[in-house]
Structure formats: C-alpha cells, structure tokens
1. Determine the sum of side-chain charges near A106: Lys and Arg each +1, Asp and Glu each -1, restricted to other residues whose C-beta is under 13 angstrom from that of A106.
2. Using the Cα centre of the range 264-391 as the reference point, and only Cβ charges (+1 on K/R, -1 on D/E), how large is the resulting charge dipole? Debye, rounded to the nearest 20.
3. When the convex hull of the C-alpha atoms of the range 264-391 is computed, what volume per residue in Å³ does it have?
4. Under 8 Å for C-alpha pairs, at least 6 residues apart: give me the relative contact order for the range 56-206, rounded to a whole percent.
5. Taking R0 as 56 Å, what's the FRET efficiency between S149 and A303 from their Cβ-Cβ distance, rounded to 0.05?
6. Just to confirm a number: summing +1 for Lys and Arg and -1 for Asp and Glu over residues other than G229 whose beta-carbon lies under 15 angstrom from that of G229, what do you get?
7. Relative contact order of the range 264-391, please, whole-number percent, based on alpha carbon pairs below 8 angstrom and at least 6 residues apart.
8. Give, in nm to one decimal, the length gained when the segment between H122 and H101 is fully stretched (0.36 nm per residue of separation minus the Cα-Cα distance).
Amino acid sequence: MDPIEVRGVAKTFRIPHAPPRRRLVDQLAGLFRPMSVELFAALTEISFQVPSGSFLGIIGANGSGKSTLLKIIAGLLTPDAGEVHVRGTLAPLLELGLGFHTGLTARENVALYGAILGFPAHTAAERVEAVLDFAELRPFADTKLKGFSTGMVSRLGIATALQADADILLLDEVLAVGDVRFQQKCLRTFEALKQQRKTIVLVSHDLGAVQRFCDHVLWLAGGRLVTAGEPRAVVQAYLDAARRDALNEAAARRPGAQATRRFGDECARFVGGMLERDDGTPATSVRAGSRVVLRLTAEFRTACAEPVFGFGVKQVGALGSHVIYTINNHQLGVSSGSFSPGEQVEIRIPFTAALMNGHYSVFAMIAAHSNGHDGPIFHDWINDLVAFSVEDSPCWEGLADLAAEFRCDPVRPRPAQERAIPAA
C-alpha cells in the first residue's frame with residue numbers, strides 16, 4: 001500500500017468579521033449580537049496517492065491550499081471531509097521553528113525536537129552536533145533562541161528535521177530559507193534522500209527545483225486540484241495560466257485597453273510585429289539555443305532622423321516577470337537612417353533563444369536619438385508585443401542555456417621528449 005493516500009479531502013475555515021466597536025455601548029451591544037462569519041473553502045475534494053520512494057511536488061499560487069494540505073497529511077489539522085492514510089514514520093518541515101522554545105538554547109532545542117522526531121538514543125548526541133554544523137550555527141550552540149534571527153531559527157529547523165530517520169518527509173518552502181550556499185547544501189541533501197528512496201512531498205514556488213527533483217507534480221488553485229502528472233507538463237501548464245492571468249490583470253487596470261501596455265508621443269508607431277523562425281514560420285514555441293527573428297514594421301508620422309529601435313525579453317513566471325535582455329541598434333553601432341512622414345520601415349532582429357525552459361515575452365520601442373542627459377524621448381513602447389516559450393533545454397537552474405559541451409578523453413602518457421622540463 002502507498003505511504004500516503006488522500007481521498008476526497010476538504011477543509012473549510014470560518015473567518016469571523018467583527019464590526020468596529022469604538023463606543024462602550026457598541027461593545028455592550030456586541031455581547032448579544034451574533035458575529036458575522038465568512039466561510040473559506042481552503043480545500044475541496046482533493047485525492048491522490050504517493051507511491052513509496054517517490055518525490056511529489058505541489059505547486060500553486062499563494063492561498064491555493066498547499067500548506068493546508070501538508071498540515072492535514074501531518075496530522076496538524078483535521079479535514080472536514082475525506083480520509084488521509086499515512087503509513088510509516090513522518091518528519092514534517094512545515095512552519096520551520098514551530099515547536100522550538102525561545103527560552104532554551106539551540107543545542108537544547110535540537111535535542112528536544114530531535115527526540116520528538118525519533119532520534120535514536122544511542123546517536124542523539126552525535127546528531128545534535130551534526131545539526132549545528134549543517135545549520136552553520138555552532139558558534140551559537142549555547143545561545144538562547146530568543147536572540148536568534150528568523151533565518152537562523154529556520155535553518156535550525158531544517159537541519160534538525162533532515163537528521164530524522166523518517167520514512168516520509170513533508171517539506172514546505174524550505175528552499176526559501178538561507179542564502180544561496182545554504183540552499184545548495186539543502187539541494188545536495190535532497191539528492192541524497194532521493195537516492196535513498198525516501199518518500200518526499202515538496203511544496204515550493206521554485207519551479208526549477210520541482211522539475212529537477214520531483215517524479216510527479218500536483219497543481220492546486222483555489223483549493224482544488226487543477227491537474228497532476230509529469231513535472232514538465234504540469235509546470236508548463238501552470239506558467240501558461242500565470243501568464244494569461246498577468247495579461248488579463250494588465251488589461252483590467254486600463255478599461256478598454258488591450259492587454260499590452262503602450263505609450264509614446266506617436267511620432268512613430270509600430271504597425272506590425274511577430275517572432276519567426278529562420279524559415280519565416282511563426283515562432284510561438286522554440287527549441288533552446290535556436291535562432292529566431294523578431295520582425296517589426298514601423299510607420300512614421302513626422303520626420304525622424306536616426307531613430308533608435310530596440311527590444312527586450314522578459315521571463316514570465318508565476319510570481320511576475322523580469323527583464324533578462326535588452327538591446328538597440330545604437331548600442332550595436334548600426335545606423336537606422338532618416339525617414340519622412342508616412343514612410344514605413346521593416347526591422348529584422350535575429351537573435352539566439354539561449355534561454356532556459358519557460359515562458360517569455362518581447363517588448364519593443366522606438367525612441368528619438370539624443371546625446372543629451374535628459375533621457376530618451378519615446379515615440380512608441382509596447383510591452384508584451386509577442387510571447388513565446390522555450391523548450392528542450394537540459395538545464396535545471398538559471399536563466400540562460402549557454403550550450404555547454406562535455407568531452408571526457410583518457411590521458412595518454414606523453415613521449416619522453418615532450419615531457420615538461422623540471423625546474424632548475
């Protein structure tokens with residue numbers, strides 16, 4: 001039987017709403033007036049199984065029910081409906097530091113928490129020391145936790161739970177703790193746990209880590225299971241939905257406007273734009289490292305001498321978008337020429353999609369050429385002009401795919417006459 005079985009689980013929270021009571025009479029009347037309550041369905045009809053030795057990822061936006069689901073599996077919350085069966089010992093890394101006592105030292109807290117997690121008596125002292133080393137807190141081993149930062153307490157919680165001999169680990173956003181070096185240390189530990197065939201459930205916004213470690217992924221939204229399946233396919237669907245939502249929100253902020261944000265003095269305007277492959281076919285999905293062409297058509301309403309044409313690429317993710325590349329013809333030392341009112345020009349910008357798997361959008365601009373220090377004057381700027389996705393990159397982390405190649409050749413002894421001459 002599977003170590004974790006979740007069948008038809010539902011959980012609803014009652015959120016009280018009390019009206020403001022500024023006067024004494026309001027407070028007295030409130031004793032006899034029922035308080036209004038809002039029902040919040042955190043989970044609705046969730047069902048899945050986690051096979052032994054598998055690594056399950058759970059993704060979704062904030063408030064989608066991920067942490068509530070982990071707490072129900074851990075036994076910290078009771079579902080309103082449905083059943084949860086857990087077979088084997090379990091170590092939850094949920095609210096990191098939960099259960100620690102601020103009046104005790106780091107060493108005392110680890111010993112106490114470790115006993116709860118089942119540290120064997122004959123190795124307990126050794127494991128406490130290993131926790132302090134992993135958390136990089138040995139200099140503070142005998143310091144009370146009330147003097148610790150939130151990050152220090154969280155690192156201590158992660159390190160303690162990872163020392164447990166549990167069959168099942170529940171991990172909630174553990175990769176959001178600590179600096180890059182500590183996170184890399186956690187990732188190496190995950191690799192080791194996966195090789196040991198531990199059963200692990202990971203909740204994370206780090207989609208790269210989810211694809212790297214997980215065998216199966218669940219996507220929750222609004223407390224419901226949207227889809228489940230192979231990590232790359234589920235993450236891709238999640239990113240697609242996130243991008244659609246972001247564009248819809250942008251459109252909603254400007255009633256009657258298109259989803260793309262546009263501004264400029266309109267002395268020149270883009271009247272066409274698309275992303276193509278080398279053969280001229282539209283490129284909505286491209287292979288990592290392939291060559292694509294951004295084709296733009298601009299029309300001039302006034303005379304323009306040496307306008308600046310530029311574009312940029314944004315990575316679009318569940319938590320928003322950020323710029324990863326910009327360039328223009330002036331930076332490249334390419335003259336654009338002079339144009340008269342009513343004239344049109346076609347701009348071709350080939351570039352390499354040397355990017356990680358994911359979703360991207362292109363923004364484009366036309367600006368007046370200026371050598372002053374007052375900043376550029378934009379004729380036209382369009383965000384989210386075109387969108388595309390990148391696929392088939394073997395990379396797990398980062399922003400760019402630099403197309404590295406590896407060779408491994410045996411080292412053959414050099415002839416005697418070619419050997420290095422020893423120093424005098």
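1. Working: positive: R107, R138, K144, K146, R155; negative: E108, E129, D133, E136, D142.
Once positives and negatives cancel, what remains is 0.
2. On the way: 8 positive and 13 negative charges, 72 e Å.
Taking the Cα centre of the range 264-391 as origin, the dipole is about 340 debye.
3. On the way: hull volume 14.4 nm³, N = 128.
Spread over its residues, the Cα hull of the range 264-391 gives 113 Å³ apiece.
4. Working: 193 pairs, mean separation 49.8, N = 151.
Relative CO of the range 56-206 lands at 33 percent.
5. Values: r = 61 Å, r/R0 = 1.08.
Computed FRET efficiency for S149 and A303: 0.40.
6. Details: positive: R232; negative: D215, E230, D240.
Residues near G229 contribute -2 overall.
7. On the way: 313 pairs, mean separation 43.4, N = 128.
Value for the range 264-391: 34 percent.
8. On the way: separation 21, 0.36 × 21 = 7.56 nm, distance 2.41 nm.
Gain on extension, H122 to H101, equals 5.2 nm.
A short reminder: the numbers here are calculations on the coordinates, not readings from a lab. Just so you know, these numbers come straight off a predicted model, no measurement behind them. Every residue, glycine among them, receives a Cβ derived from its backbone with ideal geometry; neighbour counts consider all protein chains shown.
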